[in-house]
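As structure tokens, the structure follows; a few thoughts come after it.
Just so it is clear, none of the values below were taken in a lab; they were calculated from the coordinates. For clarity, every value in this text was computed on a predicted model and none was experimentally measured. All Cβ positions, even for glycine, are placed from backbone atoms using ideal geometry, and neighbour counts span all protein chains on display.
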Protein chains: 2
Amino acid sequence: MPDSFSFTLLKTDGAARRGQFVTPHGAVQTPAFMPVGTQATVKGLTPEDVRLTGAEIVLGNTYHLMLRPGAERIAALGGLHKFMNWPLPILTDSGGFQVMSLSTLRKLSEQGVTFRSHLDGALVELTPERAIEIQALLGADISMQLDECLKLPAPRDEIARAMQLSLRWAERSKRAFEKVRGGRALFGIVQGGDDLALRGESAKSLTAIGFEGYAIGGLAVGEPQEVMLKIVEETAPMLPGERPRYLMGVGTPHDLLEAVARGVDMFDCVLPTRNGRHGMAFTRYGAINLSNARHADDARPLDAQSAHPAAPTYSRAYLHHLTKANEILGQVLLSTVNLAYYQELMAGMRAAIAGGRFGDFRAATMALWQQGDLPPL
Amino acid sequence: MPDSFSFTLLKTDGAARRGQFVTPHGAVQTPAFMPVGTQATVKGLTPEDVRLTGAEIVLGNTYHLMLRPGAERIAALGGLHKFMNWPLPILTDSGGFQVMSLSTLRKLSEQGVTFRSHLDGALVELTPERAIEIQALLGADISMQLDECLKLPAPRDEIARAMQLSLRWAERSKRAFEKVRGGRALFGIVQGGDDLALRGESAKSLTAIGFEGYAIGGLAVGEPQEVMLKIVEETAPMLPGERPRYLMGVGTPHDLLEAVARGVDMFDCVLPTRNGRHGMAFTRYGAINLSNARHADDARPLDAQSAHPAAPTYSRAYLHHLTKANEILGQVLLSTVNLAYYQELMAGMRAAIAGGRFGDFRAATMALWQQGDLPPL
């Protein structure tokens, strides 16, 4: 394996991009979906299960791992890859988003953010430099700069202030990262809320600093889908074409399809696992609620065409039963089925872009979703 | 596969027995441990996971399945094997034990028992005939008679009354079973509490009725281990040697070792999965509480010698982390490790009996448990 990060753009089809990046833990085909392994586990699945869904990279959360079990502890145990038995690439976020959403008594300053742990109330400081240090201790293949992420809607001057602070933190992150690089990549994060001028300023300044990749942050935080897609559509072309583009925390299968159409290469989202734990399946027929009584006597599989064994093996009646009975296996199977569908969707998009038929794939995929689930028996 | 049940006693070593029974869904080596699949799932594990632990048969609970999703529904969906994707043998209990422990407003009569479902309060009647009918609908390879199971201690006349009622229900179960047999086996259940004379009367009367196998019921319900083992020791020889003997709802690894030493062939218990969900591992070093802080920095595996991949793969530090973080994967991995250890223990006992060295195996196993877990790092 190489000891540095590289990205190759293999093919474009309209704004959609087919590429590959290489890390010290292996290559990842893009567009790529990264399952979220918040607490050093993709909830409910073994690492082998995650690989069998087709995932080539997972995301780890700095905020959760720094609080429990602790970054220094994971480093002493050989790093996050070894700790969670995941031998393929790992991207870690910077912790900024969860500090805003999970912790209490936050105090934001130029220096960083101090907060109380949601676990034990301990006072913790997170600075751009500490976020880089933690991600190096974890051994992330891709680290993210610390940024300030607002909920939308927000006043323009507040969005501008947060974007400017995030830029200064990007500079400090880059300087800190130079000391711990060791084959890893650092991504900058474009902020600017729903203001295209601010997004443009952020993208331009980040590009001047120079990163191995660029994320579009601060979206999927309350705004309508069309606003999100508009920002993505305008922001993606402002970023260097020879670097990967990562839309953070997004999204539904439809979000992924539309964002790839606008030039995004990477995604992460808890939806496939979180919704799977609550009885919802994502399939080629759209979203299916397994707790609905219509499935109680339905011997058909959720998706007979899926390449993953879990989707064709178990009957809807059985998945309905497990969901109603709140059995762990129901949560595990639906999380697995959902992650497998997300990966199948990404693989379909990659093949379509490579073949210059992304438009057809997008239309056919949407048509099947709109047609909806199989009619009841 | 044969369309009838048979048991072959292959070897004895003292009172310990090495045997095999054959069902329409395959053969089972005894002494055997049956993981409990209460609600048509061994909690947290896929059927494939269960097989990989070495299990050759699982138990299903009539009480739970009759209430949800319903026996008629499972039959319409092709039976329990197909419903839960478990192609190997299944033993179902009669529902009697759970009626006593889970339902409310029970009313016991000569005819049977009526109760309110713990799920929705619906009034349900369970008779010996209905218990047989349900188990036939589920498609169980081995069915159990309906019996009345008391908690111990209990007054002798109450134990005698319940034992006599269970005998009359055994007769009715046998008559009902003759109509639905279809290759299946029916086991009678010895009752009589901690009274050896009553146990003897029950065993003798059941043998006169004639069953494919005999269970020792009404134990592990509050009495000390030495009382349970005494009853087992005295009751087992009262049962026909050419039929399998099943000690219901037992137990810890030590219970299993001691009961095999006294002539028991089959066991079921929720301990390996229930305790696994609560952070406890059963290993060759005894029970280990993974939530204990001593494991937080321990990179060693739980059991480097286990033949099952889960036990040597994950560090104690990781299992501790998953347990503290209440992650599903921790519950899944510890349940898996525990079931694998139970099966390894059973395989060890089978090999030892076959080799005429059960006494040595028992002493060596106990010595390792008593030596306890590895010393801290």
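Couple of notes before you dig in:
- Sequence of A:ILE189, A:ILE74 once ranked by neighbouring C-beta atoms within 10 Å, starting from the fewest: A:ILE74, A:ILE189
- In order along the stretch B:286-296, the phi-based Karplus estimate (6.51 cos²θ - 1.76 cosθ + 1.60, θ = phi - 60°) of 3J(HN,Hα) comes to x, 7, 10, 8, 6, 7, 5, 5, 4, 8, 4 Hz; Gly and Pro are listed as x.
- To the nearest ten degrees, helix B:225-235 and the longest principal axis of the Cα atoms of chain B are 50 degrees apart.
- Percent antiparallel among DSSP beta bridges (both partners in chain A, rounded to 5): 50
- Note: relative contact order over the stretch B:31-183, using C-alpha pairs below 8 Å and six or more positions apart, is 20 percent.
- Helical mean residue ellipticity (222 nm; -39500 (n - 2.57) per DSSP H run of 4+; nearest 500) of chain A: -12500 deg cm²/dmol
- Among A:ILE142, B:ILE288, the ranking by other beta carbons within 10 Å of each residue's beta carbon, starting with the fewest, stands as B:ILE288, A:ILE142.
- Taking amide H atoms as placed 1.01 Å from N in the peptide plane, the amide H of B:ASP268 lies under 5 Å from those of B:MET34, B:GLY249, B:VAL250, each 5 or more residues away in sequence or on another chain.
- Three-way shape label, the stretch A:83-162, alpha-carbon gyration tensor, a/c 1.5: prolate
- Overall form of the stretch B:182-228 per C-alpha gyration tensor (a/c, 1.5; a/b vs b/c): oblate
- Sorted from closest to farthest, the other copies place their B:GLU234 label points 8.7 nm away, with each point set 7 Å from Cα along Cα→Cβ.
- Shown is the FRET efficiency for A:LYS179 and B:SER291, computed with R0 = 56 Å from the Cβ-Cβ distance and rounded to the nearest 0.05: 0.90.
- Highest-MSF residue in chain A out of A:PRO309, A:PRO89, A:PRO253 [GNM, Cα springs under 10 Å]: A:PRO309
- Tensor-based shape of the stretch B:1-139 (alpha-carbon gyration tensor, a/c under 1.5 rounded, otherwise prolate or oblate): prolate
- Candidates A:ASP120, A:ASP93, A:ASP141, ranked by Gaussian network fluctuation over chain A, Cα under 10 Å, top entry: A:ASP120
- For the pair A:LEU374 and B:LEU9, label points projected 7 Å from Cα toward Cβ lie 5.1 nm apart.
- B:GLU242 paired with A:LEU123, simple spin-label distance in nm, labels 7 Å along Cα-to-beta-carbon: 8.1
- Karplus-derived 3J(HN,Hα), 6.51/-1.76/1.60, for each residue of the stretch A:110-117, Hz, glycine and proline x: 4, 5, x, 9, 10, 7, 9, 4
- Debye intensity ratio I(q)/I(0), log10, the stretch A:186-344, q values 0.08, 0.12, 0.13, 0.18 Å⁻¹ (C-alpha model): -0.31, -0.60, -0.67, -0.95
- Principal-axis tilt of helix B:156-180 within chain B, Cα atoms, nearest 10 degrees: 80
- For the stretch B:127-265, the Kirkwood estimate of hydrodynamic radius, built from reciprocal distances between every pair of different alpha carbons, is 15.0 Å.
- Degrees, to the nearest 10: A:128-138 long Cα axis against longest axis of chain A: 50
- Aspartates and glutamates whose Cα lies under 20 Å from that of B:LYS82, excluding same-chain neighbours fewer than 8 positions away: A:ASP297, A:ASP298, A:ASP303, A:GLU327, B:ASP3, B:GLU48, B:ASP49, B:GLU56, B:GLU72, B:ASP93, B:GLU133, B:ASP141
- Inter-label distance, B:LYS107 to B:VAL270: 2.7 nm, where each label sits 7 Å from its Cα along the C-beta direction.
- Chain A, rotation onto B, residue closest to that axis via Cβ, with its distance in Å: A:ILE328, 3
- Label 7 Å beyond Cα on the Cβ vector: B:GLY372 copy-to-copy distances, nm: 6.3
- Whole-Hz Karplus values for the stretch B:12-20 come out as 10, 9, x, 7, 6, 10, 10, x, 8 Hz, taken residue by residue from phi with 6.51 cos²θ - 1.76 cosθ + 1.60 and θ = phi - 60°; glycine and proline positions read x.
- When B:ARG300 is represented by a point 7 angstrom out along its Cα-to-C-beta vector, the spacings to that point in the other copies are 5.5 nm, nearest first.
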